[in-house]
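The values are calculated or read from the model by the stated rules, or taken from the named source; none is laboratory data. All of these numbers come straight from a predicted model, not from anything done at the bench. Positions of Cβ are backbone-derived with ideal geometry, glycine not excepted, and every protein chain shown enters the neighbour counts. Heads up: the accessible areas ignore ligands, DNA and RNA and are worked out on the full protein's heavy atoms, side chains in. Shrake-Rupley method; radii C 1.70, N 1.55, O 1.52, S 1.80 Å.
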Amino acid sequence: MARAPRRLRPVEPGFLDEAPVRMAFSAVLAASPGEVYHVLADETGAWPSWFAGVERAEAHGDGRRTVVVSGGTRTEETVLVAERPRRYAYRADTVNRPGLCALMEEWRIEPVAGGAMVRWTIAADGTPVARAFLRALRPGLRSVFRRTAHGLDLRCAALTARRP
(Lines give C-alpha, C1' and ligand atoms only; values in the text may rest on other atoms or scores of the structure.)
Protein backbone atom coordinates (compact mmCIF):
# COMPACT_ATOMS: atom_id res chain seq x y z
CA MET A 1 0.00 0.00 0.00
CA ALA A 2 1.39 3.40 -0.97
CA ARG A 3 1.91 5.88 1.82
CA ALA A 4 1.03 9.55 1.64
CA PRO A 5 3.94 11.81 0.73
CA ARG A 6 5.75 13.56 3.58
CA ARG A 7 7.40 16.95 3.14
CA LEU A 8 11.14 16.97 3.81
CA ARG A 9 13.30 19.83 5.08
CA PRO A 10 14.22 22.03 2.07
CA VAL A 11 18.03 21.80 2.04
CA GLU A 12 20.47 23.73 -0.11
CA PRO A 13 23.77 22.61 -1.73
CA GLY A 14 25.78 23.16 1.48
CA PHE A 15 23.90 20.18 2.93
CA LEU A 16 26.10 17.92 0.81
CA ASP A 17 29.00 18.74 3.17
CA GLU A 18 27.00 18.95 6.42
CA ALA A 19 24.60 15.99 6.25
CA PRO A 20 24.79 13.43 9.07
CA VAL A 21 24.83 10.64 6.47
CA ARG A 22 26.99 11.04 3.38
CA MET A 23 27.94 8.41 0.84
CA ALA A 24 29.95 8.95 -2.31
CA PHE A 25 30.75 6.56 -5.13
CA SER A 26 32.82 7.18 -8.25
CA ALA A 27 33.64 5.55 -11.57
CA VAL A 28 35.44 6.37 -14.79
CA LEU A 29 33.25 6.25 -17.90
CA ALA A 30 34.24 6.20 -21.56
CA ALA A 31 31.66 8.91 -22.30
CA SER A 32 32.60 12.58 -22.38
CA PRO A 33 31.49 14.91 -19.55
CA GLY A 34 29.04 16.59 -21.95
CA GLU A 35 27.43 13.29 -22.91
CA VAL A 36 27.13 12.21 -19.27
CA TYR A 37 25.61 15.54 -18.26
CA HIS A 38 23.12 15.41 -21.13
CA VAL A 39 21.84 11.98 -20.11
CA LEU A 40 21.60 13.00 -16.43
CA ALA A 41 20.00 16.40 -16.86
CA ASP A 42 18.18 16.39 -20.18
CA GLU A 43 16.81 12.85 -20.44
CA THR A 44 14.93 12.41 -17.16
CA GLY A 45 12.33 10.14 -18.75
CA ALA A 46 15.05 7.72 -19.92
CA TRP A 47 16.48 7.18 -16.42
CA PRO A 48 14.78 3.77 -16.02
CA SER A 49 16.79 2.50 -19.00
CA TRP A 50 20.13 2.99 -17.22
CA PHE A 51 19.67 4.03 -13.56
CA ALA A 52 19.50 0.82 -11.50
CA GLY A 53 16.33 0.68 -9.43
CA VAL A 54 14.56 3.63 -11.08
CA GLU A 55 11.16 2.51 -12.36
CA ARG A 56 9.86 5.90 -13.51
CA ALA A 57 11.24 9.42 -13.82
CA GLU A 58 9.30 12.36 -15.16
CA ALA A 59 10.34 16.00 -15.53
CA HIS A 60 7.64 18.60 -14.86
CA GLY A 61 9.55 21.72 -15.91
CA ASP A 62 11.01 24.46 -13.71
CA GLY A 63 13.51 21.95 -12.32
CA ARG A 64 10.87 19.76 -10.70
CA ARG A 65 10.36 16.06 -11.30
CA THR A 66 8.95 12.83 -9.92
CA VAL A 67 11.07 9.71 -9.45
CA VAL A 68 9.78 6.26 -8.45
CA VAL A 69 12.27 3.56 -7.44
CA SER A 70 11.96 -0.18 -6.82
CA GLY A 71 9.71 -0.97 -3.92
CA GLY A 72 7.39 1.95 -4.60
CA THR A 73 9.39 4.78 -3.02
CA ARG A 74 8.28 7.99 -4.72
CA THR A 75 10.02 11.33 -4.44
CA GLU A 76 9.17 14.75 -5.74
CA GLU A 77 12.46 16.52 -6.44
CA THR A 78 13.83 19.94 -7.25
CA VAL A 79 17.02 20.46 -9.25
CA LEU A 80 19.19 22.93 -7.31
CA VAL A 81 22.43 22.95 -9.31
CA ALA A 82 22.70 22.54 -13.08
CA GLU A 83 26.24 23.51 -14.10
CA ARG A 84 26.72 21.98 -17.53
CA PRO A 85 28.78 19.79 -17.99
CA ARG A 86 30.29 19.37 -14.49
CA ARG A 87 27.69 19.36 -11.74
CA TYR A 88 24.08 18.32 -11.29
CA ALA A 89 22.39 18.26 -7.87
CA TYR A 90 18.83 17.84 -6.64
CA ARG A 91 16.93 17.47 -3.38
CA ALA A 92 13.90 15.45 -2.46
CA ASP A 93 11.02 17.70 -1.43
CA THR A 94 8.61 14.88 -0.54
CA VAL A 95 8.93 11.14 -0.05
CA ASN A 96 6.33 8.48 0.69
CA ARG A 97 8.49 6.63 3.28
CA PRO A 98 8.92 7.43 6.97
CA GLY A 99 12.14 8.34 8.72
CA LEU A 100 13.85 10.73 6.31
CA CYS A 101 14.02 14.44 7.17
CA ALA A 102 16.21 15.61 4.26
CA LEU A 103 17.75 14.06 1.15
CA MET A 104 19.99 15.43 -1.57
CA GLU A 105 22.02 13.88 -4.38
CA GLU A 106 24.82 15.33 -6.46
CA TRP A 107 26.60 14.18 -9.62
CA ARG A 108 30.06 15.65 -10.27
CA ILE A 109 31.55 15.03 -13.69
CA GLU A 110 35.22 15.71 -14.40
CA PRO A 111 37.11 15.16 -17.65
CA VAL A 112 39.75 12.43 -17.59
CA ALA A 113 41.84 10.91 -20.36
CA GLY A 114 39.42 9.11 -22.65
CA GLY A 115 36.21 9.97 -20.80
CA ALA A 116 34.75 11.26 -17.56
CA MET A 117 35.12 10.64 -13.83
CA VAL A 118 31.64 10.53 -12.33
CA ARG A 119 31.06 10.95 -8.58
CA TRP A 120 27.58 10.38 -7.09
CA THR A 121 27.05 11.73 -3.57
CA ILE A 122 24.01 10.99 -1.42
CA ALA A 123 23.47 13.25 1.60
CA ALA A 124 20.68 12.52 4.08
CA ASP A 125 19.26 13.22 7.51
CA GLY A 126 16.57 11.38 9.38
CA THR A 127 15.58 9.72 12.58
CA PRO A 128 18.30 7.71 14.35
CA VAL A 129 16.78 4.51 12.94
CA ALA A 130 16.67 5.94 9.40
CA ARG A 131 20.30 7.11 9.67
CA ALA A 132 21.42 3.65 10.79
CA PHE A 133 19.39 2.04 8.01
CA LEU A 134 20.95 4.31 5.38
CA ARG A 135 24.45 3.55 6.64
CA ALA A 136 23.67 -0.17 6.47
CA LEU A 137 22.62 0.31 2.84
CA ARG A 138 26.09 1.53 1.80
CA PRO A 139 27.26 -1.82 0.30
CA GLY A 140 24.00 -2.20 -1.60
CA LEU A 141 24.17 1.37 -2.87
CA ARG A 142 27.76 0.78 -4.01
CA SER A 143 26.47 -2.13 -6.09
CA VAL A 144 23.60 0.00 -7.42
CA PHE A 145 26.09 2.68 -8.39
CA ARG A 146 28.31 0.20 -10.28
CA ARG A 147 25.31 -1.00 -12.31
CA THR A 148 24.11 2.58 -12.77
CA ALA A 149 27.52 3.83 -13.95
CA HIS A 150 27.74 0.97 -16.44
CA GLY A 151 24.20 1.69 -17.67
CA LEU A 152 24.96 5.41 -17.94
CA ASP A 153 28.04 4.70 -20.02
CA LEU A 154 26.06 2.37 -22.30
CA ARG A 155 23.29 4.98 -22.69
CA CYS A 156 25.86 7.62 -23.66
CA ALA A 157 27.48 5.24 -26.17
CA ALA A 158 24.10 4.43 -27.73
CA LEU A 159 23.30 8.13 -28.17
CA THR A 160 26.72 8.79 -29.70
CA ALA A 161 26.28 5.86 -32.12
CA ARG A 162 22.95 7.30 -33.34
CA ARG A 163 24.46 10.64 -34.32
CA PRO A 164 25.07 11.06 -38.05
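Overview of values
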quantity: Among 125-132, 113-120, the order from most to least packed when residues are scored by Cβ within 10 Å on average; calculated: 113-120, 125-132
quantity: Cα centroid separation, the range 92-137 to the range 139-164 (Å); calculated: 18
quantity: Coil-residue trypsin sites (Lys or Arg not before Pro) of the range 1-105, DSSP, other Cβ within 10 Å capped at 12; calculated: Arg3
quantity: Percent antiparallel among DSSP beta bridges (both partners in the chain, rounded to 5); calculated: 100
quantity: Gained length - Leu159 relative to Glu43, 0.36 nm times residue gap less alpha-carbon distance; calculated: 40.6 nm
quantity: The range 27-44-the range 76-90 distance, computed between alpha-carbon centres (Å); calculated: 13
quantity: Cα gyration tensor shape for the range 1-73, rounded if a/c is under 1.5, else prolate or oblate; calculated: oblate
quantity: In nm, spacing of pseudo-spin labels at His60 and Arg142 (7 Å Cα→C-beta vector); calculated: 3.6
quantity: Cβ-defined net charge surrounding Gly114, 15 Å radius [Lys, Arg +1; Asp, Glu -1]; calculated: -3
quantity: Solvent-accessible area of Ser49 with every protein chain in place, 1.4 Å probe, in Å² to the nearest 10; calculated: 80
quantity: For the range 1-97: accessible area per residue (Å², 1.4 Å); calculated: 49
quantity: Summed residue charge, Cβ within 12 Å of Gly99's Cβ, Lys/Arg positive, Asp/Glu negative; calculated: +3
quantity: Within the accessible area of the chain (1.4 Å probe), percent carbon and sulfur; calculated: 56
quantity: Taking the chain and dividing mean pair separation by its residue count, relative contact order in percent (alpha carbons under 8 Å, at least six apart); calculated: 32
